[in-house]
1. Between Q41 and S67, what is the FRET efficiency for a Förster distance of 22 Å, r being their Cβ-Cβ separation, to the nearest 0.05?
2. Net charge within 15 Å of M39 by Cβ-Cβ distance, Lys/Arg positive one each and Asp/Glu negative one each, not counting M39 itself?
3. What does the charge add up to near L71, with Lys and Arg as +1, Asp and Glu as -1, over the other residues with Cβ less than 9 Å from its Cβ?
4. Can you compute the FRET efficiency between T82 and E115 using 1/(1 + (r/R0)^6), with r the Cβ-Cβ distance and R0 = 30 Å? Round to the nearest 0.05.
5. Considering only protein heavy atoms, what per residue accessible area in square angstrom results for the stretch 18-121 with a 1.4 angstrom probe?
Amino acid sequence: MISFAISPGSVQELNSKDGSFDYISVTPPYAAVDYGILMNQISKSSIVGENTFIVVEYPLRTDMLDSCGCLVKISDRRFGRTHLAIYGPKWAQKKKYVEKTKKRQEKLDLLREVESSASLV
């Protein structure tokens, strides 16, 4: 197993390497990171392949995306104050999680629709 410690902005340096990684662990300092920017940089990087798994550690009250490039969120776990988002290929996603995610998205869409119609009145 190869491990890299990367500072913000050094994801671009890894892009020059050949091939993608099978497993990527992301454990940034919570307060110093914009997770939207970080996940965008990772998703556009050549280190992420079709069969890559990414584990992202993040703090409470952080909205993590449902996908990262070609990868989908497989799981979202809480361990005390630490949260882990696990991204991977679609074939690795559990059916129950897919259904749960669809229901959650439907509720969010309905809520947005209600909010937008309420603002028109």
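1. The value I calculate is 0.90.
2. Combined, the nearby Lys, Arg, Asp and Glu give -3.
3. Residues near L71 contribute +1 overall.
4. Efficiency computed from Cβ-Cβ geometry: 0.40.
5. About 71 Å² of surface per residue is accessible.
The values are calculated or read from the model by the stated rules, or taken from the named source; none is laboratory data. All figures in this text were calculated on a predicted structure; none of them were measured in a lab. Don't worry about glycine lacking a Cβ; one is built from the backbone with ideal geometry, like all the others, and counts go over all protein chains shown. Please note that ligands, DNA and RNA were not included when accessible areas were found on the heavy atoms of the full protein model with its side chains. Shrake-Rupley method; radii C 1.70, N 1.55, O 1.52, S 1.80 Å.
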